[in-house]
Structures are given as C-alpha cells and as structure tokens.
Amino acid sequence: MSYEEKTLLSKELFERAKRVIPGGVCHNLRYFPPYPFFVEKAWGSRIMDVDGNTYIDYWMGHYTHILGHRHPDVVKAVTDYIKESGYHFGLVNKEEIKLAELVVELVPCAECVRFCCSATEAAMYAVRLARAWTGKDTIMKAVGGWHGASTDLSFGISYPFNERETLGIPDELEARVKLFTFNDWDDTLRAMDECGDDLAAVIIEPVLGVGGFIPATKDYLKSLKNELEKRGALLIFDETITGFRVSPGGYQEFIGVTPHLTVLGKILGGGFPIGAVCGPMDILMMGSYERRKPNRVLVGGGTFSCNPISMVAGRVVLERLLEDKKKIYPYINSLCDSLRKGIEEAGKAYGLKVETTGIGSLFMIHVKKEDVPLRSCEDIYEHTYWDIRDTSLRRFLASHGVHMIHGGGAVSYAHTEEEVEATVNVVGMFFEEFKG
Ligand SMILES: Cc1ncc(COP(=O)(O)O)c(C=O)c1O
C-alpha cells in the first residue's frame, strides 16, 4: 500500500490544520511531502499514527527519549507529582536542586547550572554571558551548526550557507557572527583572525548535530580551547543533542576537552521542555539578581523555567542513566553500530557509496556522489544526495513502517536487534529503488 493509501485520516487532519496553522505545522521539520502522518500515541521505540499504522521511530521526540517513548518510570514519577503536589508554581521547589546536583555531578564543565525552558534560550544566554564576560561582541559559529532560532545565532544554518538564513534580522547583528568550517583548523583560524580583538566566543556542537552528526576530533577541540584562551575568548559547547547521550557527561567527558560554558536540553528534561546553561559560578553569577544594572546580564524570566514536571522527569531519566550506565550505553551504542554497518553494507550491495555518520547511538545516512570522507557540513552538501533525506527517503521509510528525520536519528534503550534488522532491510529496499 502506498503512503497516501495508508494515511487517509492524516491527510484529512492536515487539510484541517492548514486552515488554522500556517502550512499545517508549528515546526517546519514536522512537514514532509505530501503531508505528515499525525501521531496517535507512542511507546518504547514505536509510534502509532491516527490511521493505526505503527512505525519504528528513530526521531524519538527530537532525540530526547534515550530510554524510549513513554517510559514507565517517568510516567509514574510525573503523574504522582501532579497528583500529590501540582504542576506549576512559578516558585522555587526542591526538584530543581536535585536535578541541578545531578548536572553538576555529571557534566565536567558544570560548577553550576541555570535552567530555562528550551535550549534555544540557553544558547542565547550562553552567548550573552560570553559577550558580557569578555567585553567583546563577535561570536563564531560553525557552518551548519544549529543552536535554535534566536536572533543571535540564526546564521549559516541551512544550504546555501552564504545566503541569509532569514529575513527580519538587522545587518548589524549579522556582522557580529562569523562562520567557520567545522573540524577545519585553518578555516577556524581564518575566522578568528577576521574577528580581530572582538572575539567573545566560539559556540559549537562538538558533534555537529542536524548538520550531519559528525564528531569533532579531540585535537581540533583542544586547539580551539587553547587558541580561544590565548585570545581572551570563551569556548561554548552546545551539547543539546550529545549531553547525557554519548556518555553521562556528554561529549566533553567522552573526548576529554572541557569547554568554558555548556548548553544542554533534550534528554535533560526527561521528555518535557527544558534548556540549561552551565559553567563556572563566577560567569553564571553575572546573571544573578545580586548584580545590578549596568553590571548585570539579563538571564531568565521564563514563566515555565524550572517547572517541576521537567525537573522530576529529567531527574528520573538521569538517575536511570547513571545507575545503569554500564548496561545502557554499551547496548544503545552497539545497536547503533550494527545499524550503521548494516546500512553501509546494504548500500554496497546495491553498488552505492553510502556513509553513515554518527557516534554512539546517533546516526545519519548519506548516499555519496563521490567516494570522499565527510568531515563537515559543506562536505555533505557538496558530495552527497542530501536532498533525498527529508523527501523521498523519509516518505519511503514511512510507507514501510520506519520513521527517520534528516535520514537518521537516535537509537534508544527500547530499540531491539530485530527492529534494527528490519530497518536495515527497509533502507536496503530504498537503495534498490534509488539505484533505479
Ligand atoms: C544542538 C542544538 N542546540 C539547540 C537546539 C534548540 O533546542 P530547543 O528546541 O530546546 O530550543 C537544538 C534543537 O534541536 C539543538 O539540536
């Protein structure tokens, strides 16, 4: 059965949504042609749509559900909390201390942490703190890096990278952001030199996220930190995706390079909205109520910041990751290794040049035009059929019961070997059709 034949109710809902929501979606990624399926429910590694079709899901709530959808421990903790205490007070409560203590225990750079509602906000605050701390204005970000759509960081995100990312941002702000090629030391130095003595910080996903799931090398990150310290600037890691995923302390623990500030989100909220900026107390104290104008950094506000539901859910997930780290990380990493290998072998079997980037439980499929290694986002756009990932590939997989966005995703503790095998088969069927 074709996708359209299987998703009649979703089609109707999409028509209805378009009448009241521009384009029918409130997050552009959730659209794919001809229309997205509407979710009825999710559990473990699975999603069911309103027409009753089930999918092996690798999107996992934007890579949040490392333990699987609707984890029973999270459901119990959250419902117990709501029944016994409530769900939003807009006041301090002890749940935020418990989660903050865990972040400080786990994340090497975190002497303290400030929670907010999204990683977009957290990245915006990290940049503001870095500018205030250094007294400089220019920020560097990697081509293809995604740190949310804040006005400060909406540059060089999508292809073609040299075109303006969005209308509605004044030229003066664009001049305060310099782009560089991820993992390319010469280009990074070039951009630093262009900043002159105005460089406040480099913000970087240490594993390039939606730009390609490409890990930065240890040497590159070490050089970056040393050079920034020489120039009186800060290194900000955006570990929104990698935090608690590649290891309990994120990529910084895994690779052994500690940044000055870190942005967190996703897994940290246990499936509920969250963002956090963490780092040294003296930098974060610049945002404290104790500082007065003109010497303070405005951090915070946020009606739902530190809401107890995100705090409880996040703590339950982090505690589980800590308790069972010897089981969970080897399991999800080796399952994802099998997936990456299986997909590359399927590509080879159909005579295609397929590379599956990623690390740990993250993966992204690339069908290459040339046999060159993929080290940056530009490599992906130059050397692969990147435009199939969120169009024909996504639709083909969905019509065969597998759900991926950007041609990849994250393996959770709820996924099984059988599901990985089934996924490899379906991706192989796509390769066969793509080969034509
Ligand atoms: C690396 C990175 N930073 C920041 C964000 C923005 O996070 P949020 O959606 O919580 O605002 C994302 C979201 O996908 C992300 O992947």
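The values are calculated or read from the model by the stated rules, or taken from the named source; none is laboratory data. Everything numeric in this text was worked out from a predicted model, so none of it was measured. Cβ sites come from the backbone with ideal geometry, for glycine too, and all protein chains shown count toward neighbours. Protein only, heavy atoms only, side chains kept; ligands, DNA and RNA dropped before computing areas. Shrake-Rupley method; radii C 1.70, N 1.55, O 1.52, S 1.80 Å.
Restricting attention to segment 245-258, the residues that are within 13 Å of the ligand (Cβ to nearest atom) and either among the charged types (D, E, K, R) or surrounded by fewer than 24 Cβ atoms within 10 Å (Cβ to Cβ) (or both) add up to 1.
Selection of segment 102-120 for residues being assigned to a loop (DSSP other than H, G, I, E, B), in contact with a Ser or Thr (Cβ under 6 Å, 6 or more places away or on another chain) and either open to solvent by 20 Å² or more (accessible area, probe 1.4 Å) or not assigned by TED's automatic domain parsing to the domain that holds Gly249 (or both) yields Pro108, Cys117. Residues that are surrounded by 21 or more Cβ atoms within 10 Å (Cβ to Cβ) and assigned to a helix (DSSP H, G or I) within segment 284-300 comprise just one, Leu284. Of all the numbered requirements in (1) more than 16 Å from Val143 (Cα to Cα); (2) open to solvent by 10 Å² or more (accessible area, probe 1.4 Å); (3) within 16 Å of the ligand (Cβ to nearest atom), Pro215 misses one, and that requirement is (1).
Take Ser392 and decide whether it is of a type in the set (Ser, Thr, Tyr) and either in contact (Cβ under 8 Å) with a residue 60 or more places away in the chain or more than 28 Å from Glu4 (Cα to Cα) (or both).
Values: of a type in the set (Ser, Thr, Tyr): yes; either in contact (Cβ under 8 Å) with a residue 60 or more places away in the chain or more than 28 Å from Glu4 (Cα to Cα) (or both): no.
Considered against the rule, which asks whether it is of a type in the set (Ser, Thr, Tyr) and either in contact (Cβ under 8 Å) with a residue 60 or more places away in the chain or more than 28 Å from Glu4 (Cα to Cα) (or both), Ser392 comes out as no.
In this structure, Ile21 does satisfy being modelled with pLDDT of 95 or more, β-branched (Val, Ile, Thr) and surrounded by fewer than 18 Cβ atoms within 10 Å (Cβ to Cβ). Within segment 259-268, one or more residues are under 22 Å from Leu362 (Cβ atoms), away from the ligand (no atom under 11 Å from the Cβ), at pLDDT 95 or above and not β-branched (Val, Ile, Thr).
Scanning segment 222-244 for residues that are within 11 Å of the ligand (Cβ to nearest atom) and of a type in the set (D, E, K, R) gives Asp238, Glu239. In this structure, Pro273 does not qualify as in a loop (DSSP other than H, G, I, E, B) and either more than 13 Å from the ligand (Cβ to nearest atom) or closer than 18 Å to Glu101 by Cα (or both). Among the residues making up segment 130-164, those that are away from the ligand (no atom under 16 Å from the Cβ) and farther than 17 Å from Leu208 by Cβ are Arg131, Ala132, Trp133, Thr134, Gly135, Lys136, Asp137, Thr138, Pro160, Asn162, Glu163, Arg164. Between a residue in segment 301-314 that is surrounded by 20 or more Cβ atoms within 10 Å (Cβ to Cβ) and any residue that is among the polar types (S, T, N, Q), which pairs come within a Cβ distance under 9 Å, given they are 6 or more apart or on different chains? Partner pairs satisfying both residue conditions: Cys306/Asn93; Pro308/Ser85; Pro308/Asn93; Met311/Asn93.
Of the strands (runs of 3 or more DSSP E) that lie entirely inside segment 29-78, those containing 3 or more residues that are open to solvent by 40 Å² or more (accessible area, probe 1.4 Å) and of a type outside the set (Lys, Arg) span 39-43.
Whenever a residue of segment 130-157 is assigned by TED's automatic domain parsing to the domain that holds Tyr381 and open to solvent by less than 10 Å² (accessible area, probe 1.4 Å), it has no partner that is β-branched (Val, Ile, Thr) and not in a strand (DSSP E or B) lying with C-beta atoms less than 6 angstrom away and at least six residues away or across chains. No other residue among Thr262, Thr303 is in a strand (DSSP E or B) and in the same structural domain as Glu84 (by TED's automatic domain parsing) apart from Thr262.
Listed residues Leu91, Leu99, Leu167; which is assigned by TED's automatic domain parsing to the domain that holds Val297 and open to solvent by less than 30 Å² (accessible area, probe 1.4 Å)? Full working, then the answer.
On the way: Leu91 fails: open to solvent by less than 30 Å² (accessible area, probe 1.4 Å); Leu167 fails: open to solvent by less than 30 Å² (accessible area, probe 1.4 Å).
Result: Leu99 is the single residue among Leu91, Leu99, Leu167 that is assigned by TED's automatic domain parsing to the domain that holds Val297 and open to solvent by less than 30 Å² (accessible area, probe 1.4 Å).
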